[in-house]
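Asks: Let me begin by handing over the structure; questions about it come next.
The values are calculated or read from the model by the stated rules, or taken from the named source; none is laboratory data. These figures come from a predicted structure and were not determined experimentally. Positions of Cβ are backbone-derived with ideal geometry, glycine not excepted, and every protein chain shown enters the neighbour counts.
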Amino acid sequence: MRKDLEEELREQAHPNRLKEYPLQESEDLCQMNQNNNQIIRFEEITKVYHLGRIDIPVLNGVSCEIKKAEHVAIMGPSGSGKTTMLNIIGCLDKASSGRYFFENRDISSFDDDALSEVRSRKIGFIFQSYNLIPQLTVLENIEMPLFYQQVDEIKTREKAIELARMVGLEDRIRHRPAELSGGQQQRVAIARALMNDPVLILADEPTGNLDSVSGKEIMKLLCDLNERGTTLIVVTHDVNVAKYSRRILKMLDGRISNED
Amino acid sequence: MKISLVHLIRIIRHGWKNIWLHKLRSLLTVLGIVFGVASVIAMLAIGEGASYEARKMIESLGSNNIIIRSVKLPSDAKTQQVSFLGVYGLTDRDLRKLETIPSVIRIVPAWEMEEDVWYYDKNISARVVGTLPEYRDVMNLSIKTGRYFDEIELQNSEPVAIIGSTVRTSLFPVEDPIGKTIKIRSNYFKIIGIAGEKVFAGASESFMAEDMNIAVYIPLTTTKLFFGEYETKKGSGGIRLWERNWVQFHRFILQVSETDKILTTASLVSDILGQTHKKQDYQIVVPLELLRQAERTKRIFNIVLGSIAAISLIVGGIGIMNIMLAIVTERTREIGIRRAVGAKRRDIINQFLTEAVILSASGGVIGVLLGILIPKAVTKFAGMMTLITPWSILISFCISVAVGITFGLYPARKAAGLDPIQALRYE
C-alpha cells in the first residue's frame with residue numbers, strides 16, 4: 001500500500017494525532033488548490049475485459065470531473081459501461097489505462113490493499129439488490145464497515161443504532177434482512193453505506209427493485225444526504241430517479257455521449 | 001495494519017457465530033478430527049498403561065538381577081506322570097559353580113510351592129517361598145509392618161512367615177496378623193511381618209513375574225526341614241493325578257555388580273549350566289533385556305499408532321477443507337459485500353481461516369474429552385491399566401489446530417482471491 005495515503009487516511013480517522021504531512025512538490029500543491037473542490041477526475045479511462053482470446057472494450061476513453069457535494073446521475077442503455085464506470089469510481093475495479101484522481105490523488109496505480117483502504121474510509125455503496133448479509137441482523141449489517149477499521153465495539157454500536165434511527169428502523173435492528181420489506185432493506189443498506197462517514201456514495205440502481213413509493217422514500221433519503229454535503233453518484237435507467245440530480249452523464253458505447 | 005487482540009477476539013466470535021448457525025453440518029465436518037484426536041489420546045493411554053505395567057513388573061524383578069528358574073520339561077511330565085519320580089531343576093552344585101563368577105555379587109536361591117494357607121476356617125492358595133534373608137534386598141521387597149526373618153531364624157529353621165498383602169486381606173480382613181499362626185499342610189508358622197503391596201494390575205505371565213502379593217515367605221532351612229525337597233503337584237488332565245518331583249531349588253536370583261555386565265554374565269551362566277544339565281530344565285530371565293525389549297515394542301507401537309492417527313487427521317483435515325470450499329462458494333456474495341465495504345484480502349483470509357481453525361480446534365476439544373473418557377471406560381470395563389499423559393493431549397490438540405490452519409488456508413485464499421465485482425454478481 002502507498003505509505004502517504006495510509007498515513008493521510010489514518011490522520012483523518014484520528015485527527016488529534018499529529019502527523020507530519022508529506023511534503024508535496026509545489027506544482028502539485030498548485031494543482032491541489034486549483035482543484036480544491038474536485039473529488040473525482042477521469043483522464044482517458046479505458047477498460048477492456050479479456051474473455052479468453054476475445055477482448056471486450058467496455059470503456060473507451062472516458063474523461064470527466066465530479067465536484068464535491070455534487071449529485072450526478074449516470075444513465076445509458078445496458079452495456080454502455082455505466083456500471084463499470086461506477087466500479088472504477090468505487091475502487092472495486094481498476095482501469096486498463098488512463099488516470100483516475102480521487103481527491104486529487106492518482107490512485108490508478110494503487111494496489112488491492114490500498115484500494116480497499118480507500119473504500120473502507122471514503123466510499124459507501126448502495127446496490128440494486130441491497131446486498132445485505134442474510135445471517136447477520138440489521139444492526140450487524142450496519143456495523144460491518146467499521147469492523148474492518150477495527151473501531152471500538154461500543155462506539156460502533158452506538159453509531160449503528162443512531163443510523164438505524166435515522167433511516168427509521170430503530171425498532172427492527174434485531175431482525176434479519178429476510179424479515180424486512182425491500183424498501184426497509186435498502187434503508188439498511190443506506191445506513192451501512194453511511195457507517196464510515198463517506199465522502200462519496202455510489203448507488204447502482206438503488207430503486208430498481210422497489211415499488212414507486214419506497215423508491216421515492218429512498219431517493220429522498222439519498223438527496224438529504226447529498227444536501228448535507230456528501231457527493232452522490234447514482235447509476236440508473238429510470239428517468240424519474242435521474243430527475244433528482246442536477247447533472248446527468250449519458251453514456252453510450254463506453255463513452256460519455258451527452259451531459260445535461 | 002496489525003490485528004489487535006480485541007479485534008482478533010471479535011473475528012473469533014464472528015466465526016463461532018457462523019459455525020453455530022449450522023450446528024449439524026459443523027459437527028459432521030469435525031467428526032474426522034474428533035475421532036482422530038480421540039483415538040490418538042486413547043490408544044496412547046492404553047499403550048502407555050500397558051508399557052508402564054510391563055516396566056513395573058520387570059522392575060519388580062530387579063533390573064540388576066538375572067533370574068534362573070527351574071523348568072519342568074513337558075516330555076517329562078508325560079512319561080513320568082503316574083509313578084515315576086521326576087528330577088529337574090537347579091541344584092546345590094549349580095549354586096556353587098555360579099558363585100564363582102566374579103561379576104555376581106550374590107546368589108539368592110529360593111524353593112517354592114503352591115499351597116493352601118489356612119487361618120482357622122479361612123484359606124487361600126498362595127505361593128510359599130523358602131529363601132534367604134537377602135531375598136528382601138534383591139527383590140526390593142518392602143515390609144509394611146513387622147519385620148523380615150533374619151540370619152539366626154534361618155540357621156535355627158524357625159517356623160516364621162512373612163505374608164503378602166493379598167494373603168493378609170483374605171485371611172485377616174480385620175485382625176492384626178502379627179503374632180498369629182497360619183497353617184501350611186500340617187505345619188504351623190508364626191507371622192512376623194507383612195510385605196507392602198506391589199502394584200500391578202493384570203499380571204502378564206509372559207514376563208515371568210511372580211505376583212508377590214499372594215506369597216508367604218519363610219526361611220529356606222525351614223522349608224527343607226518341614227517339606228523336604230519334593231514338590232507334590234496336582235497333575236494336569238481329566239483324572240486327578242498326583243505327581244512328585246525332586247527339586248532342590250526353583251529359582252536363583254543373581255545380583256550382578258554392574259548393569260553393563262549383565263548380558264555377559266547371563267551368557268556365562270548359560271554356559272556353566274549347559275555343562276551339567278543335559279536337558280534345558282532351566283530358564284534364564286534377564287529383566288533388563290525384557291525392559292529393553294518392552295521399550296522397543298512400545299516404540300514400534302507408537303510409530304504404528306502415529307501413522308494411523310496421522311492418516312485419520314489428514315482425512316479429517318480434508319473433510320474440513322471440503323466444507324470450507326463449499327462455504328466459500330455458498331458465501332461468495334457475502335465476500336463481495338465485505339470487500340465492497342472495505343475488507344482487504346487479508347481480512348477475508350483471516351475470516352475463513354479463523355472459521356476453519358475454530359472448526360478443527362473444537363473438533364480437537366471434543367476429541368480430547370472423548371480421548372480422556374475412552375481410557376477411563378477401558379480401565380473400568382476391561383480392567384486394563386491406562387495412562388493419559390498430558391503431552392499426548394497437548395500434542396493432539398495442537399495437531400488439530402495445525403490441521404485447521406493447513407487445510408483452511410487454501411479455501412481462505414480462494415475466498416480472498418475472488419474478484420469483488422464478480423462475487424457481488426454471484427447468484
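Asks: Got a sec? Which of A:ILE142, A:ILE173, A:ILE218, A:ILE161 is in contact with a Lys or Arg (Cβ under 8 Å, 6 or more places away or on another chain), closer than 26 Å to B:LEU8 by Cα, among the aliphatic types (A, V, I, L, M) and free of Cβ contacts under 8 Å to residues at least 60 places away in the same chain?
Replies: On the way: A:ILE173 fails: in contact with a Lys or Arg (Cβ under 8 Å, 6 or more places away or on another chain); A:ILE218 fails: closer than 26 Å to B:LEU8 by Cα; A:ILE161 fails: in contact with a Lys or Arg (Cβ under 8 Å, 6 or more places away or on another chain).
One residue alone meets the criteria, A:ILE142.
Asks: Right, something else. For the condition surrounded by 18 or more Cβ atoms within 10 Å (Cβ to Cβ) and of a type outside the set (A, V, I, L, M, F, W, C), what is the one hit in B:PRO390, B:PRO375?
Replies: B:PRO375
Asks: Which residues, taken from segment B:126-148, are over 26 Å from the mean Cα position of the chain (by Cα), assigned to a loop (DSSP other than H, G, I, E, B) and closer than 27 Å to B:ILE58 by Cβ?
Replies: B:LEU132, B:PRO133, B:GLU134, B:TYR148, listed by residue number.
Asks: Taking the options B:ILE33, B:ILE12, name whichever one is surrounded by 13 or more Cβ atoms within 10 Å (Cβ to Cβ), within 16 Å of B:ILE372 (Cα to Cα) and of a type in the set (A, V, I, L, M). Break it down stepwise before answering.
Replies: Numbers: B:ILE12 fails: within 16 Å of B:ILE372 (Cα to Cα).
After ruling out the rest, the residue left standing is B:ILE33.
Asks: So which residues in segment B:14-23 are closer than 15 Å to B:ALA361 by Cβ and either facing chain A (nearest Cβ under 10 Å) or among the acidic types (Asp, Glu) (or both), if there are any at all?
Replies: B:ASN18 - this is the single residue of segment B:14-23 that is closer than 15 Å to B:ALA361 by Cβ and either facing chain A (nearest Cβ under 10 Å) or among the acidic types (Asp, Glu) (or both).
Asks: Moving to a separate point now. Answer with yes or no whether B:GLU330 is more than 30 Å from A:LEU200 (Cβ to Cβ) and within 13 Å of chain A (Cβ to nearest Cβ).
Replies: Details: more than 30 Å from A:LEU200 (Cβ to Cβ): yes; within 13 Å of chain A (Cβ to nearest Cβ): yes.
Spelling it out, B:GLU330 is indeed more than 30 Å from A:LEU200 (Cβ to Cβ) and within 13 Å of chain A (Cβ to nearest Cβ).
Asks: Let me ask something else about it. Within 14 Å of another protein chain (Cβ to nearest Cβ), under 15 Å from the mean Cα position of the chain (by Cα) and crowded, with 21+ Cβ neighbours inside 10 Å - does that describe any residue in segment A:203-218?
Replies: yes
Asks: While we're on this one: Kindly evaluate A:PHE125 against the criterion of being within 11 Å of chain B (Cβ to nearest Cβ), surrounded by 21 or more Cβ atoms within 10 Å (Cβ to Cβ) and among the aromatic types (Phe, Trp, Tyr).
Replies: Answer is yes for this residue.
Asks: Just need a number here: residues in segment B:118-174 that are among the basic types (Lys, Arg), surrounded by fewer than 20 Cβ atoms within 10 Å (Cβ to Cβ) and out of contact with any strand residue (DSSP E or B) (no Cβ under 7 Å at 6 or more places or on another chain).
Replies: So the answer is 1.
Asks: Does A:ASP113 fit the bill of being modelled with pLDDT under 95, under 16 Å from A:ASP197 (Cβ atoms), at the interface with another protein chain (Cβ under 9 Å from one of its Cβ atoms) and touching a helix residue (DSSP H, G or I) at 6+ places or on another chain (Cβ under 9 Å)?
Replies: Answer is no for this residue.
Asks: A further question follows. Run down B:LEU31, B:LEU27 and say which single residue is out of contact with any helix residue (DSSP H, G or I) (no Cβ under 6 Å at 6 or more places or on another chain), farther than 30 Å from A:ARG121 by Cβ, more than 14 Å from chain A (Cβ to nearest Cβ) and free of Cβ contacts under 8 Å to residues at least 12 places away in the same chain.
Replies: B:LEU27
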